[in-house]
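Here is the structure we will look at.
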Amino acid sequence: MKLPSGFALAPKAVASLVSAAATLGVTLLLSWALVGGRTPEMLQRVDLQIYDFWVRHTAHPAGEPQVTVLELDEASLLKLGQWPWPRDRIAQVVKEVFDTYGARALAFDIVFAEPDRSDAAAIRQRLERVPPGVNGGNGANGANGGDGALRRELEALIDALDRDRTLAEALKGRNVVLGYYFNADPASRSGALPEPWLPADMAQTLGIRALSGPGYGANLEALVQAAKRAGHFNPRVDLDGVTRSIPLLQENDGMLYTSLTLGVLSLLAGDNAAVDFGPAVTAGGREVTEALTVGPFKLPIDGRAQALVPFFGGRGTLPRVSVADLLEGKADPALLKGRVVVFGPIAAGLKDSRSTPVDNNQPGVELHASYLQGALTGRLPSRPYYTDAAVLSTLWLVGLIMLLGARRLRPGPFSLVSIGALAAVVSGAGWLWVQHRAVLPVALPLTQIATLFVGLNLLGYLFETRSKNAMNKLFGQYVPPELVGEMNENPAQYSMSAKSTELTVMFADVRGFTTLSEKMEPAALGELMNTLLTELSRVIRADHLGTIDKYIGDCVMAFWGAPIDRPDHAAAATAAALDMQKALTALLPRLVVPEGAHIAVGIGLNTGKAVVGNMGSAYRMAYTVLGDTVNTASRLEGLTKAYGADIVVGPAVRAAAGDGFLWCELDWVRVKGRDTPLAIHEPLCRLSEADVTLREQVARHEQALVDYRDRHFQRALDAWTALQAERPCKLHELWIERAQTYLTQPPAEGWDGVYTFESK
């Protein structure tokens with residue numbers, strides 16, 4: 001077959017070369033940005049937004065709650081006074097948490113940087129300046145007199161007034177982790193830092209390059225010495241102002257210090273717990289530690305020792321107790337016993353809230369509590385370094401797919417491939433997150449797909465237009481337009497030759513046409529039939545992508561499964577049949593029909609092998625379908641009258657269409673021209689649309705069929721009589737009549753319950 005002039009290969013070759021160059025250039029540029037750490041800020045923000053989407057839509061409680069937030073809330077401030085509270089009250093909190101409620105550990109998301117506002121120190125200094133022997137001084141008269149006792153009483157009173165000492169005594173021997181913070185001002189230093197975890201240069205050899213905080217606000221030295229652990233509570237704010245992670249380690253003066261959360265976990269692991277840095281991987285030419293393992297806790301980190309916070313929901317998701325309720329003995333013991341308690345402010349006036357992926361105003365204390373809950377339940381998110389290699393591999397794989405698509409496919413299929421690639425990248429990232437809580441940045445691959453989709457489609461459009469014009473000239477004179485469109489989409493694989501394939505055939509016949517033709521003028525009848533057939537055809541073709549074979553008078557013949565091969569052809573045909581009945585119901589009030597006329601549509605469906613292709617004669621060719629499957633579909637349509645059914649389908653349709661519909665078994669029949677019995681069904685509606693009453697009635701009808709075939713005719717008759725009273729229909733009438741007949745004239749031996757139709 002000779003192609004028309006102008007259908008040259010040169011434009012396609014040029015388009016292929018330009019497509020290859022564009023694909024390679026875009027892929028190289030994005031790979032360079034990834035490897036060199038030069039991802040544009042806009043794309044970084046896209047990755048952060050995608051991450052937030054995953055977090056919000058998968059946030060759910062992680063196992064049994066093991067962490068409780070001890071809230072410094074508005075109610076506590078109203079009852080107990082403004083913050084800061086006296087240290088003896090904090091000491092009371094510590095004692096209540098452990099001694100009364102039996103908590104496992106207590107962490108403070110609060111820093112005690114200044115001495116308590118008591119006069120104990122000043123009184124002690126004045127007492128030391130009192131001369132011996134004067135009012136209880138150290139003279140001889142006072143040594144054995146009442147003044148000595150008074151002095152001892154005063155010293156005891158001073159000790160009682162030393163609230164910092166009271167708090168330090170409360171901390172001793174208890175699993176308490178104090179909190180402090182680092183800042184960027186080296187001149188801003190207060191309080192005493194705890195013992196460092198390890199030197200920063202040693203950590204660098206292990207692949208850890210922690211963030212630096214030259215300044216700090218720490219706790220009083222006496223408190224630090226009394227507590228078992230102390231850790232910083234610095235959050236990590238991303239470039240969009242949202243907090244998603246916390247640094248587990250932070251550097252100060254060449255030493256690394258643990259976070260509040262890491263301090264708690266190391267305390268729970270025990271002093272003799274093994275600490276492992278690893279596994280270490282090579283990234284960017286250097287060793288990088290992917291996780292810290294402290295005893296039983298494996299904590300994923302990035303190269304800056306930062307850890308993603310597992311968010312289980314917004315504000316108030318984790319169990320919480322008001323500190324006022326704790327001190328008043330009103331707290332629920334179940335929320336504290338055996339749990340890690342994190343004490344921190346949530347009152348708005350204390351201004352300790354953060355914007356997070358799940359809440360724009362989440363208290364900072366909940367970040368630490370959420371991380372501890374995730375660590376204790378083994379549900380910590382991570383961004384492993386293999387994700388960079390995965391992104392790089394994705395870029396080149398996507399580039400190859402787009403290049404092959406641009407060279408081999410037309411713009412339509414190429415668009416589908418691009419959408420598929422985009423969906424694959426996004427769903428792959430979603431799968432990693434849902435299954436492994438691993439974060440895969442996808443902004444670069446998505447940018448690549450979008451860029452190549454637009455650029456290569458523009459080029460493809462120019463070639464596609466020229467190609468379509470040539471194809472239309474060649475085939476448009478005898479192939480239906482819808483098939484020409486399919487051929488244009490994939491001309492290399494499309495064939496008009498007849499072939500045998502499995503498909504589903506529909507016959508839809510208009511009932512009442514004879515009455516209409518007798519009572520209506522030809523012009524009015526033609527207009528009515530055009531309106532009716534147009535609406536039915538719209539449902540078949542536009543709504544359910546069926547192929548209309550032909551119109552046979554007042555009957556529409558259509559099929560699914562060719563020319564487009566689709567495995568769900570039976571379900572699609574069944575859905576189309578149901579929607580055609582709905583469309584007819586909606587259309588009837590708008591039709592002008594003579595009085596006494598009745599319009600209905602009977603539909604028959606059958607699934608099986610048939611020959612489909614371009615067939616006919618030298619005078620006229622048509623894309624049509626032939627075979628026994630077609631004949632049986634026509635016979636099934638004829639049975640709709642006998643059973644009063646809108647739709648009758650063969651057994652292969654019922655088996656292939658699946659359980660998405662409510663099926664009602666009609667009968668076992670032999671149709672004219674076939675010896676093999678058929679189990680015929682009627683789809684009443686989509687299963688989601690079926691109410692309980694209808695389902696129950698169908699079940700009773702089908703049980704009656706079982707009784708009927710088992711020769712329990714009276715039982716079956718009773719069931720159908722009751723059903724007819726509830727929902728009158730021709731089907732129940734038919735079976736009542738048959739049951740009554742066999743009650744008086746029982747069938748012969750060998751009766752199989754199959755009804756034979758002698759006419760079409």
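The values are calculated or read from the model by the stated rules, or taken from the named source; none is laboratory data. Because the structure is a prediction, the values reported are computed rather than measured. Counting neighbours? That spans all protein chains shown, and the Cβs are built from the backbone with ideal geometry, glycine included. What goes into the accessible areas is simple: the full protein's heavy atoms, side chains included, and nothing from ligands, DNA or RNA. Shrake-Rupley method; radii C 1.70, N 1.55, O 1.52, S 1.80 Å.
Observations, loosely collected:
- Qualifying positions in region 252-269 - in a strand (DSSP E or B), crowded, with 24+ Cβ neighbours inside 10 Å and either within 31 Å of the chain's Cα centre (by Cα) or not small (G, A, S) (or both): Y257, T258
- Taken over region 688-698, residues that are open to solvent by 80 Å² or more (accessible area, probe 1.4 Å) and outside any helix (DSSP H, G or I) amount to 1.
- L588 aliphatic (A, V, I, L, M), in a helix (DSSP H, G or I) and open to solvent by 20 Å² or more (accessible area, probe 1.4 Å): yes
- Contacts under 6 angstrom Cβ, first residue in region 613-640 being in a loop (DSSP other than H, G, I, E, B), partner open to solvent by 40 Å² or more (accessible area, probe 1.4 Å), 6 or more apart: G627/V611
- Extreme residue, surrounded by the fewest Cβ atoms within 10 Å (Cβ to Cβ), among residues of region 29-52 that are of a type in the set (A, V, I, L, M, F, W, C) and in contact with a Leu (Cβ under 9 Å, 6 or more places away or on another chain): V35
- Each residue in region 538-562 was checked for being open to solvent by 10 Å² or more (accessible area, probe 1.4 Å) and either part of a helix (DSSP H, G or I) or more than 21 Å from A652 (Cβ to Cβ) (or both), and 11 pass.
- Any hit, region 611-634, residues being under 38 Å from the mean Cα position of the chain (by Cα) and closer than 18 Å to L503 by Cα: no
- Candidate set from region 736-760 (those that are in a helix (DSSP H, G or I) and more than 53 Å from the chain's Cα centre (by Cα)); member that is surrounded by the most Cβ atoms within 10 Å (Cβ to Cβ): A739
- All positions within region 84-113 that are open to solvent by less than 20 Å² (accessible area, probe 1.4 Å), of a type in the set (G, A, S) and in contact with a strand residue (DSSP E or B) (Cβ under 9 Å, 6 or more places away or on another chain): A103, A105, A107
- Selected residue (only one of E518, E502, E486 is modelled with pLDDT of 60 or more, open to solvent by 40 Å² or more (accessible area, probe 1.4 Å) and not in a helix (DSSP H, G or I)): E502
- Here the condition is being touching a Phe, Trp or Tyr at 6+ places or on another chain (Cβ under 6 Å) and either in contact (Cβ under 8 Å) with a residue 60 or more places away in the chain or open to solvent by 60 Å² or more (accessible area, probe 1.4 Å) (or both); of L392, L336, L350, L376, it holds for L336 alone.
- L446 meets the conditions (1) touching a residue at least 60 places away in the same chain (Cβ under 8 Å); (2) under 27 Å from P65 (Cβ atoms); (3) open to solvent by 30 Å² or more (accessible area, probe 1.4 Å) in every case but one. The failed one is (2).
- Filter result for the condition that a residue is in a helix (DSSP H, G or I), among the acidic types (D, E), within 21 Å of G329 (Cα to Cα) and modelled with pLDDT of 90 or more, over D52, D99: D99
- The residues on offer are N183, N175, N219, and the sole one that is surrounded by 21 or more Cβ atoms within 10 Å (Cβ to Cβ), modelled with pLDDT of 90 or more and polar (S, T, N, Q) is N219.
- Within region 208-225, restricting attention to residues that are in contact with a Gly (Cβ under 7 Å, 6 or more places away or on another chain) and assigned to a loop (DSSP other than H, G, I, E, B), the residue that is farthest from Y181 (Cα to Cα) is R209.
- In region 53-83, the residues that are closer than 12 Å to S322 by Cα, in contact with a Ser or Thr (Cβ under 9 Å, 6 or more places away or on another chain) and open to solvent by less than 30 Å² (accessible area, probe 1.4 Å): L70, E71, L72, D73, S76
- Within region 168-205, the residues that satisfy the criterion of being assigned to a helix (DSSP H, G or I), more than 30 Å from R89 (Cα to Cα) and not hydroxyl-bearing (S, T, Y) are A200, D201, M202, A203, Q204.
- The sole residue among A679, A699, A652 that is under 42 Å from the mean Cα position of the chain (by Cα) and within 25 Å of T547 (Cα to Cα) is A652.
- When region 640-680 is filtered for residues that are open to solvent by 50 Å² or more (accessible area, probe 1.4 Å) and touching a Phe, Trp or Tyr at 6+ places or on another chain (Cβ under 9 Å), the ones remaining, listed by number, are R654, W668, R670, K672, P677.
Here is a yes/no grid of residues against (1) open to solvent by less than 80 Å² (accessible area, probe 1.4 Å); (2) touching a helix residue (DSSP H, G or I) at 6+ places or on another chain (Cβ under 8 Å):
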site	(1), (2)
E682	yes, yes
R686	yes, yes
R700	yes, yes
D710	no, no
R715	no, yes
T721	yes, yes
A725	no, no
L734	yes, yes
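- Of the residues L397, L432, L416, L456, the single one that is at pLDDT 65 or above, within 30 Å of K298 (Cβ to Cβ) and under 34 Å from the mean Cα position of the chain (by Cα) is L432.
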